[in-house]
Structures are given as structure tokens and as C-alpha cells.
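Let me begin by presenting the structure, written as C-alpha cells, before commenting on it.
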Amino acid sequence: MAHYLNAQQRAAIKLRSSHWIWRSELPTWCVMACVYGGWFGLVAAWQWLGALSATPLMILVTAWYMSLQHELIHGHPTRWARVNQLLGQLPLAIWYPYRLYRDSHLQHHRNEHLTLPDYDPETYYYSAQQWQRYPRLFPLLAAVRNTLAGRVLLGPLLDIIGTAKDALSKMRNGDRREQLMWLNHAVLLAGVFYWLHLHGISTLWYLLAVGYPGLSLTKIRSFYEHRAEEHPEARSALNEAGPFWRLLFMNLNYHLVHHDLPGLPWYGLREVYLADREKYQQRSEGFVVNGYGTLLKAHLFTPVEVNVHPFADPFRSDNDSITADVPLQPADGGSFLAAAESGDPFSVPASHTELA
């Protein structure tokens, strides 16, 4: 549900949304053209460019693709979830099926449950009961993961292991929906790897030198973009990042604005934030970061305090995830997409209600 600061902001956003650029979603279509054109262009030119030159560019493209998938999940650039899913289905970033990311992320957008271990599938916090059950060395692992270096280098591996473990468990238990999702992902992956092979690109190289670093790059954005606070609006960061990061992450650095107005297109987030900058900073209760360089200086090897959640229910601890960003076990409440649960992931329309 959308949260507007006031009636004036609501009217201003409505006026902006009537502009032809917003109605056409041209910026999102342009990003999509750049991402797909960049990926296929780099594959075609790989031998000419050489792996050492093409690989860093491909890492950027795959990270950008994950930002684009996020925008597709939130109902852009079309009003039809079916079309948006098709536009983001190709596993250029390798690791996760689109539907897994979609279901997990929509669950994450229940703002009243934001950061709570048993409700938010993207949280990095734990309940006290979970923390006590883990091995003695777990606090050390968590401390390493809570540094920026650890999140970038170790975080993707923990995500991949946890996701694989959960998927195998569900498939062994006969979860047909899970089986079909991963079968579809495997078929698409085979197509991607075959295309890479035709252009002389090793599958192992793409996995380790492109796919993994691309996922690592997205960990910079998600590093400490949420914190445990009493008021939900104070749990999401406002990171005043530079233009490179804003474009790569499609303005998700203005994370509180995104959580308040989850249907707002990415190219509107900065504009809306700057129009009411002081009010948003007050609303976040000072959760403002002066760019990703600030996090790099402060937390490259110094962990943020993201351990036991101070407001977690001590009597609930269903989710024993080691990490976040994809759920290792289903969060309470199930999927937002009831139609997808019944086997038709396309019958739920994208959310365009008042840009929310």
C-alpha cells in the first residue's frame, strides 16, 4: 500500500505520472534495451574484446539486469504481470528463478514486518531463539558477513547454498510447483550456456567470473539498507549515492521512498525524494547515508550491528536462514501470488494502483 507524505505530494505525483515519459515508461524500456543489447553484444564481441576486457563489462550488465528484474516485479514497464515476467525470465544472472525472487520480494514489502526474522524473507536479523541454536562459531560467521567485504565475497555463496538446500528439500518432499520452477530455470539456463558456448565462452568462467561477481555487486546496495527500529518507516535507508550507483541500482538507494511508494517507477524515486528531502530524512529518523563510499570506509572490515533483532518474537523461529535476499524457508503468510500457487503465475495483474 502506498504511503504519501501528504495530499500535496500525492497530487504532485499524480501530475508527474501524466507526463508522456512516465506514461510510456520510456526510461525503463531504454534500460531494458541497454541491458539486453549490452549482454548479447558483449557475447558476440567476446573474442574480439578478450575475456579480460569483456568480463568486467558483463559483470555490470548482469548486476544491472537484476535491478531491472526488480523493476519488473513492481509492475513496470507494462501493466501485465505476465508480460513483465517474460521480459525478466531469462537467467542472465544465473542463480535464481525469476519467480523465486518475485515471491520473496513481494513478501518483503509488508512494511509492518520489515526486518522481522520470521516474517521478512530478506532480513539479515535473527530471533534470540535462532541465535542460541546455531553453533558456537556462528557469531563469527555472522560478524564476517556483516562487513562489506564479507557481504560481497561470502554473501553470495551463503545465498546460493541456502537456496539450493531449500529447493532440494522441497523437491524431495514432492513440491510440484517448486519442481516446475526449477525445471523451467534449468531449461532456460541450458539455453544461455549453449549460446555462450557457441561464442567460445566457458560455462565455468561465466559462473565464477561473471555470475558470482555480478551477484556480489548487488550486495553493495543491500548492505545495511534496512535496520531494526521500532517504527517501520525508520527501517529503510536513504542513501544519497552518486550517478553511477543510482543508475546501476535504478535508484533503489532511496529505499525508504521505494518502500513507501513501491509502485513508483525507478526514474521517479530521486525526483520524489528531492522534492521532500527534509521530510523523508525526518521520516527515516536519520537513517541517511552519504553514498556507498561512506559504507566502504566505515564497514569494509568493521561489521554493522545486525544480529539478534530487538523486537523479534522470542516464541517464533521458523526460518533458520543463514543469510537473506532469497528465503531459505517460506515466510509466514505464504506467497502474495495466490494464482501462482495454483500453477498459473500469470493471472495476477501487476500493481499499478495509484503508482503504489
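Here are a few things to note about the model shown:
- Extension gain, E112 to E305: 0.36 nm times the residue separation minus the Cα-Cα distance gives 67.4 nm.
- Apportionment of accessible area to carbon and sulfur, the chain, percent (1.4 Å): 63
- Restriction of the GluC sites (Glu not before Pro) in region 264-303 to DSSP coil positions whose beta-carbon has at most 15 other beta-carbons within 10 angstrom yields E285.
- Filter on K219/K297; K165/K297; K219/K279 - keep pairs with C-alpha separation over 23 Å: K165/K297; K219/K279
- Considering only Q129, Q47, Q281, the mean-square fluctuation computed in a Gaussian network model of the chain, springs between alpha carbons under 10 angstrom, is largest for Q47.
- Remark: the F40-K165 segment gains 41.8 nm on full extension, using 0.36 nm per residue and subtracting the alpha carbon distance.
- Where Rh is the Kirkwood radius over Cα pairs, Rg/Rh for the chain: 0.94
- If R0 equals 51 Å, the separation of the Cβ atoms of W20 and R133 corresponds to a calculated FRET efficiency of about 0.35.
- The chain - accessible surface per residue (Å², probe 1.4 Å): 46
- The Rg/Rh ratio for region 94-159 is 1.00, where Rg is the radius of gyration of the alpha carbons and Rh is the Kirkwood radius.
- Karplus-derived 3J(HN,Hα), 6.51/-1.76/1.60, for each residue of region 217-230, Hz, glycine and proline x: 4, 5, 5, 5, 5, 7, 5, 6, 8, 9, 9, 8, 9, 5
- At most 16 other Cβ within 10 Å, DSSP loop - GluC sites (Glu not before Pro), region 201-263: E230
- Span from the region 191-208 Cα centroid across to the region 90-115 one, whole angstrom: 26
- The chain, relative contact order in percent, only Cα pairs under 8 angstrom and at least six apart counted: 30
The values are calculated or read from the model by the stated rules, or taken from the named source; none is laboratory data. Quantities reported herein were computed from a predicted structural model and do not represent experimental measurements. Cβ atoms come from the backbone with ideal geometry, glycine included; neighbour counts cover every protein chain shown. These accessible areas exclude ligands, DNA and RNA; they are computed on the full protein's heavy atoms, side chains included. Shrake-Rupley method; radii C 1.70, N 1.55, O 1.52, S 1.80 Å.
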